[in-house]
Amino acid sequence: MIEVSKKCIGCSKCVPVCPFAAVSMSDKKAVMNEACTLCGACVQVCPVQAITITREEASARDLTGYKGVWVYVELSETDGGGAAKAGPRKIRKVVLELLSAGRRLADELGEDLCAVLLTDKNHSYEKELGPYGADKIYMVEHDELFEYNTDIFSTVIVSLVNRHKPSVILYGASIQGRDLAPRVASTLYVGLTADCTALAIKDGLLLQSRPAFGGNIMADILSPNSRPQMATVRPNVMKINEPVHGRSALVVRETAKLDRSLRRVKVLERSMAGDTGTVRIESADIIVSGGRGMKSKERFKQLEELSGLLGGVVGASRAAVDLGFKEKHHQVGQSGTTVSPKLYLAFGISGAVQHIVGMKASDVIVAVNKDPNAPIFNVARYGIVGDAHEIVPKLIEALKGK
Ligand code: FAD
Ligand code: SF4
Ligand code: SF4
């Protein structure tokens, strides 16, 4: 329920920001009509906090009308080096991972898988989203959606949710997804499970699994009393299904009236942490990673030479990062980046659960460790019990053809 109190001073600021033309002025007071979706946009701009939205207790809601699994389609904002992207923005890889996971969930529920796309211009995105599993695409095209913005994007998503009532919404646990999903959750007054590493259906509910207590146990979370059930999912955890060429998705065009005054944050400049012009660790095909066993920053540099010869990128355990061998954005694991390269080489890494969770999806893992009982060997396809300081120079020599 939405109410305007006596505090209203008749400033009209809430009128243009409403995406659904649900506000008008009557006797110098704002009045909301039945088109209101409780998106909350007007509440944000009211200078005297005259507007209040009262939401039902989660347990009191009728959940039967909520159907369908939604995937938020994140588009790239920048190129690898951090500059604003020229040309059409691309669908980020995590979206394909979510569609693959979402397809499985939707099939099990017997419901539709829907992609939610917010963009200033559609560049035939449906041609990619359909083959990867989407049955339907809710598309909002508007000039104000030219780049991600928390206020604008959350307002649109909330309004779509109120209109179509999905049962599940999945977001990538990317910088954007980690910003957007909590905002949507708090506006809708529903829960959110962050950083999931596995999803399933249990008794018709979304079973959300994520590491807890420092990664030592997995917590299974259910949200029986609220809809939509929302989760962010770590990139590089879910395997991407083979696209079904020729499979198409129904495009449902949605309208939104977005006023510029909703945008409280303006992006002045972008800069990305990391080596400009090089492949970033999350998208690398080959990662040469080192841990505390590399012993020093100088010895760690040998891994850079090796990775250069293999055409890969250097990764590091948290211990190696803490010791200053490599910068934080190279860290693989629970509190670093989750990776899934074709080849992951681990030198002097013990294989703590917090490291494994970030690299176990790699196609081939090769581990070198002095300790034959190191847990890293449990996930490695090839294991070498030996001294990394002898093996790394030999590999470099071999690759140089000496
Ligand atoms: P160690 O565990 O000290 O292992 C060093 C290994 O090197 C040993 O197995 C040893 O046998 C081997 N070795 C020594 N000398 C040689 C040699 N000459 N040749 C070959 N092998 C040698 N860790 C991460 O990596 N990523 C994370 O994101 C992460 N997040 C965390 C989040 C939380 C909340 C917590 C509590 C911990 C996290 N950790 C993370 C830390 C994690 O628990 C481990 O402490 C860390 O991964 C250990 O790094 P390591 O394997 O390099 O060091
Ligand atoms: Fe306010 Fe949103 Fe309702 Fe419009 S739809 S009146 S902006 S809560
Ligand atoms: Fe009234 Fe607030 Fe709307 Fe201004 S923004 S008209 S004070 S409800």
How would you rank 378-388, 229-239, highest first, on the average number of other Cβ atoms within 10 Å across their residues?
229-239, 378-388
For LYS127, list the aspartates and glutamates whose Cα falls under 13 Å from its own Cα; do not include residues on the same chain fewer than 8 positions away.
ASP135
Return the FRET efficiency for the residue pair ASN373, LYS400: r is the Cβ-Cβ distance, R0 is 35 Å, and the value is rounded to the nearest 0.05.
0.60
Determine the alpha carbon to alpha carbon distance for each of LYS136/LYS326; LYS29/LYS67; LYS297/LYS400 and list only those over 32 Å.
LYS136/LYS326; LYS29/LYS67
Hey, what angle do you get for helix 93-109 against the long axis of the chain, alpha-carbon based, 0 to 90 degrees rounded to 10?
70 degrees
ASP203 paired with ASP27, simple spin-label distance in nm, labels 7 Å along Cα-to-beta-carbon:
5.1 nm
P(r) tail for the chain, what percent of Cα pairs lie past 28 Å?
54 percent
Sort the following peptides by mean Cβ neighbour count (other Cβ atoms within 10 Å, averaged over residues), highest first: 337-348, 146-157, 194-205, 294-305.
337-348, 146-157, 294-305, 194-205
Sites ASP285 and THR64 - FRET efficiency at Förster radius 51 Å, r taken between beta-carbons, to 0.05:
0.65
How long, wide and thick is region 60-262, going by the Cα atoms along their three principal axes, in whole angstroms, largest first?
43, 37, 37
LYS301 paired with ARG253, simple spin-label distance in nm, labels 7 Å along Cα-to-beta-carbon
5.9 nm
For the peptides 110-123, 168-181, what is the packing order when you average, over each peptide's residues, the other Cβ atoms within 10 Å and list the highest mean first?
168-181, 110-123
In terms of Cα to Cα distance under 17 Å, which aspartates and glutamates are near enough to LYS202, apart from those fewer than 8 places away along the same chain?
ASP107, GLU108, GLU111, ASP220
Go ahead and run the numbers for FRET between SER335 and ASN162, Cβ-Cβ distance against an R0 of 41 Å, rounding to 0.05.
0.70
D (µm²/s, integer) via Stokes-Einstein for region 161-218, Kirkwood Rh across alpha-carbon pairs, 4 °C, 1.567 mPa s: value 101 µm²/s
Sorted by Cβ neighbour density within 10 Å, fewest at the top, the residues GLU397, GLU77:
GLU397, GLU77
Report, to the nearest 10°, how far helix 150-164 tilts away from the longest principal axis of the Cα atoms in the chain, using its own Cα long axis and a range of 0 to 90°.
70 degrees
How far apart, in nm, are two points set 7 Å out from the Cα along the Cα-to-Cβ line at ILE175 and at HIS245?
3.6 nm
For region 281-400, compute Rh as the Kirkwood radius over C-alpha pairs and then the Stokes-Einstein diffusion coefficient at 4 °C and 1.567 mPa s; write the answer in µm²/s, rounded to an integer.
95 µm²/s
Check the straight Cα-Cα distances from LYS394 and name the aspartates and glutamates below 19 Å, setting aside those fewer than 8 residues away within the same chain.
GLU298, GLU304, GLU305
Subtracting the Cα-Cα distance from 0.36 nm times the residue separation, let me have the gained length for THR150 to ILE217 in nm, one decimal.
20.9 nm
Amide H neighbours of ILE384 at under 5 Å, excluding residues fewer than 5 places away on the same chain, with H built from the backbone geometry, are ALA367, VAL368, ASN369
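Bear in mind that the values in this text are calculations on the coordinates, not laboratory data. Given the structure is predicted, the values throughout are model-derived calculations rather than measurements. Positions of Cβ are backbone-derived with ideal geometry, glycine not excepted, and every protein chain shown enters the neighbour counts.
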